Amino acid sequence: MKTKVSRRTFLTSAIGAAIASTVPLAWKSSVVAQQTQSAPSSNAKFYRFKLGNFQMTSIEDGVFLNMPAKAFAGNATPAQLNEVLQQGSQSETLTLNCNILLVDTGTEKVLIDAGSGFLTEPTAGKLISNLQTLEIKPTDIDAIIITHAHVDHVGGLLNSTGALAFPQARYFVSKAEYDFWTSPEVNLPNVQVDEKTKQQFISIAQKCLGAIQNKVTRFEGEGEILPGFYAIPAPGHTPGQVAIRIVSGNESIIHTADVVHTHTINLWHPNWQPIFDADPDQAAATRQQILSAIADHRQLMYAYHFPFPGIGYLKSRAEEGFEWQPIK
Ligand SMILES: [Zn+2]
């Protein structure tokens, strides 16, 4: 049986349900909507930069609107959170970007993650239309490295009919991530959403990973995934999440996946816990460790969920945490 979450406010609803016990998600079962790929966007957002010999492009997959800020600070008090929101000139609902990094190595076009596709909200899933604006066809993509199997990162592996959206690509995911989601018994006891939402996360991960099962390389630990691409295990948000270090010539950048979600709450207070983290304590330790290394080494960073284009540096703050220094 084919199942597909309706293209509505998936994440916003999930978080809303978790926090306010409001409306549960609606699933459409048995029917996959016959949507067509949208036309190239006239206001496509992309940002090009060079990394050594690699041509890099940050492409906006879209945004999630009206995300409750509290979802990223599960263990903070309302007063603590309000103080951060005031300092950051933010409201109690946030806009969360989804940024896709395209790397043209000169011989291959490599994507880090694939966005939401048709599986979340209509404000996301713009990767393919934005690639079209860049005159890149889905069949031009040679490889996709998956940081972790949440819907906003793997939903775009599938097109509207459930077939592979990038049919020529090879796929790479950590063995720990693949094994976790595809095991017969998947449990998310510490994720603070309702049981139905958890089952949707699991179902979507299994569907997307299942679709690539004959084309996927499962890598373990640290090390080179492809020439110039190195895995950095980043467990906690999901058990097998990885950050990716990309190196060309004397230059490098670290794609931090969902080690950190917001450039205020989770950077200023790395120990505040997003409700989606599978192991909140491990995620906080990973966040502190990876962000400290990035700040200490003045390492260029790419952030999937930060304001577009998500490229910048970190500076340690005097009290705790880090300050985001975007390059533009
Ligand atoms: Zn994400």
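Given N residues in segment 151-214, what is its alpha carbon radius of gyration divided by 2.2 N^0.38 Å?
Numbers: Rg = 12.4 Å, N = 64, 2.2 N^0.38 = 10.7 Å.
Output field value: 1.16.
For each of 191, 151, 173, 216, count neighbouring Cβ atoms within 10 Å of the residue's Cβ, then give the residues from fewest to most.
Numbers: 191 21, 151 24, 173 27, 216 16.
The fewest-first ordering by Cβ neighbours comes to 216, 191, 151, 173.
For segment 81-127, what is the charge dipole size about the Cα centre, in debye to the nearest 20, if Lys and Arg each add +1 at the Cβ and Asp and Glu each add -1 at the Cβ?
Numbers: 2 positive and 6 negative charges, 30 e Å.
Magnitude of the dipole: close to 140 debye.
Whole-Hz Karplus ³J(HN,Hα) for segment 195-207, in order, using 6.51 cos²θ - 1.76 cosθ + 1.60 and θ = phi - 60°, x for Gly and Pro?
My calculation for segment 195-207 gives 4, 5, 5, 4, 5, 5, 4, 5, 4, 5, 4, 5, 5 Hz in order.
Assigning unit charges at the beta carbon (Lys, Arg +1; Asp, Glu -1) and nothing else, what dipole magnitude in debye, to the nearest 20, does the chain show about its Cα centre?
Details: 25 positive and 29 negative charges, 182 e Å.
Dipole magnitude for the chain comes out near 880 debye.
With unit charges on the beta carbons (Lys and Arg positive, Asp and Glu negative) and the dipole taken about the Cα centre of the chain, which residue among 145, 163, 294 sits farthest to the positive side?
Of the listed residues, the answer is 163.
How would you rank 70, 126, going from fewest to most other Cβ atoms within 10 Å of each one's own Cβ?
Working: 70 20, 126 27.
By the 10 Å Cβ count, ascending: 70, 126.
Once you list every other residue whose beta carbon is under 12 Å from the beta carbon of residue 314, what net charge do they have if Lys and Arg are +1 and Asp and Glu are -1?
On the way: positive: 287, 298, 315, 317; negative: 296, 323.
Net of charged neighbours comes to +2.
Across segment 170-181, in residue order, what do the Karplus-derived ³J(HN,Hα) couplings come to in whole Hz, using 6.51 cos²θ - 1.76 cosθ + 1.60 with θ = phi - 60° and x for Gly and Pro?
Per residue, the Karplus-derived 3J(HN,Hα) values read 8, 10, 9, 8, 5, 4, 4, 5, 4, 5, 4, 6 Hz.
Treat every Asp and Glu Cβ in segment 176-296 as -1 and every Lys and Arg Cβ as +1, leave all other atoms uncharged, and give the resulting dipole magnitude about the Cα centre to the nearest 20 debye.
Approximately 340 debye in magnitude.
Could you tell me how far the Cα centroid of segment 71-130 sits from the Cα centroid of segment 251-328, in Å?
That distance is 13 Å.
Taking every pair of distinct Cα atoms and averaging 1/r, then inverting, what Kirkwood hydrodynamic radius in Å comes out for segment 146-291? Let's see the in-between values first.
Working: mean 1/r = 0.0628 Å⁻¹.
Taking the inverse mean of 1/r over all distinct Cα pairs, segment 146-291 comes out at 15.9 Å.
Using a 10 angstrom cutoff on alpha carbons, build the Gaussian network for the chain and name the most mobile of 157, 300, 127.
Taking springs between Cα atoms under 10 Å, the residue moving most is 300.
Considering only 313, 280, 243, whose Cα is most displaced toward the positive end of the charge dipole of segment 241-328, charges sitting on Cβ of Lys, Arg (+1) and Asp, Glu (-1)?
313
So for 186, 259, fewest C-beta neighbours within 10 Å to most, what's the order?
Numbers: 186 15, 259 28.
Arranged by neighbour count, lowest to highest, 186, 259 become 186, 259.
Using Cα springs under 10 Å in a Gaussian network model of the chain, which residue among 238, 107, 217 shows the largest mean-square fluctuation?
Result for the chain, Cα springs under 10 Å: 107 fluctuates most.
With θ taken as phi - 60° and the coefficients 6.51, -1.76 and 1.60, list the Karplus ³J(HN,Hα) couplings across segment 87-97 in order, rounded to whole Hz; mark glycine and proline as x.
4, x, 6, 10, 9, 6, 10, 10, 9, 10, 7
Every number in this text was worked out from the coordinates using simple rules, so none of it is lab data. The structure presented is a predicted model; accordingly, all values stated were derived computationally and were not measured. All Cβ positions, glycine included, derive from the backbone under ideal geometry; neighbour counts span all protein chains shown.
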